[in-house]
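Novice: The structure under discussion is supplied below as structure tokens; questions concerning it will follow.
The values are calculated or read from the model by the stated rules, or taken from the named source; none is laboratory data. These numbers were taken from a predicted model, which means no experiment stands behind them. Cβ: placed from backbone, ideal geometry, glycine included. Neighbour counts: every protein chain shown.
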Amino acid sequence: MNERQLSERLVRVANYVPNKAKVADIGSDHAYLPCYLCLQSDMREAIAGEVNEGPYQSALAQVKKVGLADRISVRKGNGLEVIEAHEVDVITIAGMGGSLIASILEDGKEKLTGVSRLILQPNVSAQDIRKWLYKHEWTLLFEEILEEDEKIYEILVAEKGNDEELYNEDKDRKLLLGPYLMKERNQAFRKKWKYELDNWKRILKQLEQAQKNQERDNKQKEIESNIQMVEEVLSWEKL
Ligand code: SAM
């Protein structure tokens, strides 16, 4: 991977960034995504945010190497603390767990004023992001699921708005699986959820051996309900 040859996962993220935009990429590591975005369009500017010193230094070096220091500001800091409210139009957060992405959004929610689009790419637990978006009135516009190098990734794109209609039926299942992804049910989707089903069934067996208490019962019920929701979707006819 480099600033011109991104992974498929990051190319898909980049595809949702408008041609003219100021973007903050949070957790930017080598700043490959901001560099790629700015090389693709002269009308883009970016901020690369990184909390850790090593990746921050890599991002600084990368931006210097490709001569984009006048359009990409590399900043060290935790989550959205590297931006001001109204400073960017688009935020990308990729390559982390869904709960970490949701907590970055939650901790920095006052910085989202003026942001028109969020492009989020969780490696796991996308439902934590869907729940956050729903609660804070960001409407889910697009979802993708893809497999690359034997790993499965999801991409969620949201803009400000209310999702009552999208979730007015079957809300828990849609939050878990993704309202658009469960409609499409592509190969990566099926693979991911078959794997999760096997995993949950293994956990259920272990729970059966564990000492009975309220916590165990709640966990068991939650997993059983998830298994039922997912098995039903996987049994639906392919569209
Ligand atoms: N976004 C790149 C990608 O998708 O390839 C890099 C992903 S890398 C696995 C995650 C990066 O996020 C790491 O460089 C890590 O230091 C950074 N990170 C983790 N938590 C962060 C936070 N709260 N704020 C900023 N950066 C964070």
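Novice: In the range 11-33, which residues are out of contact with any Gly (no Cβ under 8 Å at 6 or more places or on another chain), of a type outside the set (Ser, Thr, Tyr) and either near the ligand (Cβ under 10 Å from one of its atoms) or part of a strand (DSSP E or B) (or both)?
Specialist: Those that are out of contact with any Gly (no Cβ under 8 Å at 6 or more places or on another chain), of a type outside the set (Ser, Thr, Tyr) and either near the ligand (Cβ under 10 Å from one of its atoms) or part of a strand (DSSP E or B) (or both): VAL13, ALA21, LYS22, VAL23, HIS30, ALA31, LEU33.
Novice: Also: In a strand (DSSP E or B), crowded, with 18+ Cβ neighbours inside 10 Å and either under 21 Å from the mean Cα position of the chain (by Cα) or at pLDDT below 95 (or both): which single residue out of ALA94, ALA59 fits that description?
Specialist: Exactly one of ALA94, ALA59 is in a strand (DSSP E or B), crowded, with 18+ Cβ neighbours inside 10 Å and either under 21 Å from the mean Cα position of the chain (by Cα) or at pLDDT below 95 (or both), namely ALA94.
Novice: Something else now. Taking interchain pairs and intrachain pairs at least six residues apart, which have beta carbon atoms under 6 angstrom, with the first residue in the range 67-96 and over 29 Å from GLU143 (Cβ atoms) and of a type in the set (A, V, I, L, M) and the second within 14 Å of the ligand (Cβ to nearest atom) and part of a strand (DSSP E or B)?
Specialist: Correct list of pairs: VAL74/ALA48.
Novice: Collect the residues in the range 163-184 that are in a helix (DSSP H, G or I) and crowded, with 18+ Cβ neighbours inside 10 Å, keeping them in residue-number order.
Specialist: ARG173, LYS174, LEU175, LEU176, LEU177, LEU181, MET182
Novice: Hey, another quick one. For the range 98-119, which positions are within 11 Å of the ligand (Cβ to nearest atom) and farther than 18 Å from LEU33 by Cα?
Specialist: Answer for the range 98-119, where residues must be within 11 Å of the ligand (Cβ to nearest atom) and farther than 18 Å from LEU33 by Cα: LEU100, SER103, ILE104, LEU105, ASP107, GLY108.
Novice: Within the range 198-217, identify whether any single residue is under 20 Å from GLY98 (Cβ atoms) and in contact (Cβ under 8 Å) with a residue 24 or more places away in the chain, and answer yes or no.
Specialist: yes
Novice: For the range 105-129, what are the residues that are under 13 Å from the mean Cα position of the chain (by Cα) and surrounded by fewer than 21 Cβ atoms within 10 Å (Cβ to Cβ)?
Specialist: Within the range 105-129, ARG117, ASN123, VAL124, SER125, GLN127, ASP128 meet the criteria.
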